[in-house]
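The block underneath contains the structure these notes are about, expressed in structure tokens.
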Amino acid sequence: MKKTLFYTGVVLVFLFILGAFLLNHTLLYDNADNANETNNANDASEIEDDFDDKEEPMDNSSIELVDEVFQCAIEGRVPGESVIAGKSNIGEIKSEWGEPLNSITAGDGVYIDYEDTNFGYTKNTVFDVRSFHNDLQEIKLEDIKQEKGNPDEERYYEDEQVDQIILVYNVSENYQLKWILPLPTDANPNPAVHHISVYTDVANIEMDAPSLVESMSLDEKIGQMIMAGIEGTTTNPETIKLIEDYKVGGVIFFSENLTSVGQSLDLVNGLKRTNASNKVPLFLSVDQEGGRVERLPGIEGLPTNQEISQRENPKLSYQIGKILGQELKAFGMNLNFAPVMDVNSNPNNPVIGDRSFSNDPSLVSKLGVQTIKGMADENVISVIKHFPGHGDTSVDSHLELPKIDKSVRELQQMELIPFTNAINEGADMVMVAHILFPQLDEEYPSSMSKPIITDVLRNELNFDGVVITDDMVMDAIDGHYHTGNAAVKSVKAGSDIILVSRGYDKIVETFEAMKQAVTVGEIGEERINESVNRIIALKQKYGLNDKEVAYQDIAELNESIKKIAN
């Protein structure tokens, strides 16, 4: 019995020990299994993290910066800078930024380096603005593509130091935005931006007026100061010689030069082709006032200024101005000798009459200024005439020299009012008449008078635009002076352009007389430069160029004229 109890006890102890062993083994197994599950979960989490790293979603700051870069590029600049490609002058940049850290001639021009910005320039004008700012280097390749799509072009550049991809976006008609980054690799599939470039084609670069004048010969400069009439309806040898050899800056057309729309455009385009090798485009001008002074063929007639004034409607004058601008543009021209700003104060005046708006200077001012604005909105240059006022004459200056015996004070109360108002409204060009004002200048007519052109027009009325003479072959001048001598006297008085409407020999005489005056020191070359600066600045303001003009059906334009005329 005792033995039985003993063995039973041993068995129970053994079973207890065995159960404890098995329980412990089970717990160890479960813990290991849980540890494996945890490790697997951690591995899965790491895989997900790796996946997320590859996606690299853009943060808001990257989105905003990419958008800002594109918006600035549309304006021709990079973020944080005011320098504009195609417009900013390199001299002004150096004056503000100081001397560059480095300068090198490469590609289209010269590149200068500053701390985090570089500029490429030619003809003293910036064409390439590059930014290496640290903020840009936070942007990645995929950031750009995700926000703005694929580029218009991908380029590649490699040398001993770099291997790059260049994303090119055509952000506007004038500007390209280039993102320059390291070439993506397996190790770095999504590289950060190295720098950006805002670029404009150097063909779009236009020299500023002073730089262009500095680059010109004396012959080129004197030519700019002549507005020449031509013979015939085609670009004949004399016309070609005036442009190629004498570098005339403008041409005036008359009815005998223009027989139809097609012929007129052929003539204008022929002149543009002839002038294409010159540095400065041509003024292509005409007297298209409306009423009885109209030169363009096939165009419906407009009311006279006097008829327009009877409606006392400034909006109508603005519409007339727009139509006059559209007429000139249809014929490829860019400068109109209009409007007449004379006050019709003398009912016996044989030359002004209904070409004037009124005998009321305030009404002449109001309607004339609106006509100017209408033409300007069509990108056509207007010329206000006939300074200092042709309304109180009884003689036609085409036939003889008129005389007005008035003081400056008297002129200020009548004749000068419309001119003053137009100048204050931004008139670009003033034509000076051939009239003797003995109380201002006993010897010379207004077109040759320093007291009138310089003292009154420039100094008292503060006009800094272009001054052009009335036609120097009108009998008021031609009957009393040699054309060349009169031209020299007019330039010395303050004129910028001498108008010679006919006679190849007279145009050449004008050129040679002005050149001789400079050569002997009668006129300083600085004085010539002043005029040419004004002329070129005006041509650039209106974007004149030598591009040929396409034929335009004028039927629609004529319908607009009929509506206004009625």
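The values are calculated or read from the model by the stated rules, or taken from the named source; none is laboratory data. Since the structure is predicted, the reported quantities are computational estimates derived from the model, not experimental observations. Reconstructed Cβ throughout: ideal geometry from the backbone, glycine too, with neighbour counts over all protein chains shown. Ligands, DNA and RNA are excluded from the accessible area calculation, which covers all protein heavy atoms including side chains. Shrake-Rupley method; radii C 1.70, N 1.55, O 1.52, S 1.80 Å.
The calculated P(r) of region 209-562, using every Cα pair and 10 Å bins from 0, goes 6, 27, 36, 25, 6, 0 in percent.
For the pair residue 313 and residue 348, the difference between a 0.36 nm per residue extended length and the Cα-Cα distance amounts to 9.9 nm.
Determine the percent antiparallel among the DSSP beta bridges restricted to region 209-562, to the nearest 5. Taking every DSSP beta bridge with both residues in region 209-562, the antiparallel ones total about 5 percent.
For region 372-491, the spherically averaged projection of the C-alpha convex hull amounts to 7.2 nm². The share of accessible area on the chain that comes from carbon and sulfur is 47 percent, using a 1.4 angstrom probe. Rounded to the nearest 0.05, the FRET efficiency derived from the C-beta distance between residue 378 and residue 173 at R0 = 22 Å is 0.60.
Rounded to the nearest 20 debye, the dipole magnitude of the chain is 1780 debye, with +1 charges on Lys and Arg beta carbons, -1 on Asp and Glu beta carbons, and the Cα centre as origin.
Counting only residues at least eight positions apart within a chain, or on another chain, the lysines with an alpha carbon under 23 Å from that of residue 178 are 87, 123, 140, 145, 148. Each stretch of four or more DSSP H residues adds -39500 (n - 2.57); spread over every residue of the chain, this sum gives -13000 deg cm²/dmol at 222 nm.
Determine which lysines satisfy two conditions relative to residue 366: a Cα distance under 19 Å, and not lying fewer than 8 residues away in the same chain. Result set, ordered by chain and number: 315, 322, 385.
Remark: region 551-565, residue by residue, has Karplus-estimated 3J(HN,Hα) of 5, 10, 6, 8, 4, 5, 4, 5, 5, 5, 5, 4, 5, 5, 4 Hz, where x stands for each Gly or Pro and the curve is 6.51 cos²θ - 1.76 cosθ + 1.60 at θ = phi - 60°.
Here the calculated FRET efficiency for residue 71 and residue 545, from their Cβ-Cβ distance with R0 = 51 Å, stands at 0.95, rounded to the nearest 0.05. Taking all protein chains into account, the per residue accessible area for the chain stands at 48 Å² (1.4 Å probe).
When the inverse distances between all different Cα atoms of region 64-186 are averaged and flipped, the Kirkwood radius reads 15.4 angstrom. Ranking 234, 171, 88 by Cα position along the charge dipole of the chain, where only Lys, Arg, Asp and Glu carry charges on their C-beta atoms, puts 234 farthest toward the positive end. Simple spin-label estimate for residue 555 and residue 293 gives 3.3 nm between the two label positions (7 Å along the Cα-to-Cβ direction from each Cα).
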